[in-house]
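These notes concern the structure reproduced below.
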Amino acid sequence: MTLRAHFDGKVLVPDEPVDLPVSCALEVEVKPAGAASQSDKPLARLLEVARRFPLTDGPADGAAQHDHYLYGLPKKA
């Protein structure tokens, strides 16, 4: 669910009525309205994941020999 709200200096105030149970624990992600979400930028999301999980022990020739490592084919010369 996406809610639009504004900050009054102390609390976040929904711009429209919300249908939530009272005292319901929520997880809130704050971003400026109109900002592009990560789902709007799939390459940016992929880059974010790649930075969080860098390859540190993969083969040095992994890109050139991907068929060998993925499918077990003989290495290319």
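So how much accessible area does F53 have, in Å² to the nearest 10, using a 1.4 Å probe?
In the full protein context, F53 sits at about 130 Å².
Can you compute the helix-only [θ] at 222 nm over the chain? Use -39500 (n - 2.57) per DSSP H run of at least 4 residues, normalise by all residues, nearest 500 deg cm²/dmol.
The per-residue figure over the chain is -6000 deg cm²/dmol.
What percentage of all Cα-Cα pairs in the chain are separated by more than 19 Å?
Roughly 64 percent, once rounded to a whole number.
Tell me which GluC sites (Glu not before Pro) from the stretch 1-69 have a DSSP coil assignment and no more than 10 other beta carbons within 10 Å of their own.
Listed in order of number, the matching sites are E27, E29.
Please state the charge dipole magnitude for the chain, taken about the Cα centre, from unit charges on C-beta atoms (+1 on K and R, -1 on D and E), reported in debye and rounded to the nearest 20.
That gives the chain a dipole magnitude of about 380 debye.
Along Cα→Cβ, 7 Å out, is where each label goes; now give me the distance between the ones at A33 and L3 in nm to one decimal.
1.5 nm
Excluding ligands and nucleic acids, what accessible area in Å² is computed for R45 using a 1.4 Å probe, to the nearest 10?
Counting only protein heavy atoms, the figure is 100 Å².
How much length is gained if the chain between D19 and Y69 is pulled fully straight, taking 0.36 nm per residue apart and subtracting their Cα-Cα distance, in nm to one decimal?
The span from D19 to Y69 would gain 12.8 nm if fully extended.
Rounded to the nearest 10 Å², what accessible area does L43 have for a 1.4 Å probe in the complete protein model?
Around 140 Å² of this residue is reachable by solvent.
Sorting V28, V22 by accessible area (1.4 Å probe), largest first, what list results?
Descending accessible area places them as V22, V28.
For A5, what residues show an amide H to amide H distance below 5 Å, using hydrogens built from the backbone and excluding near sequence neighbours?
Distant-sequence amide H within range of A5: D15.
The values are calculated or read from the model by the stated rules, or taken from the named source; none is laboratory data. Note that the structure is predicted; figures quoted are calculated from it, not measured. Cβ sites come from the backbone with ideal geometry, for glycine too, and all protein chains shown count toward neighbours. Surface areas here come from the heavy atoms of the whole protein model, side chains and all, with no ligands, DNA or RNA. Shrake-Rupley method; radii C 1.70, N 1.55, O 1.52, S 1.80 Å.
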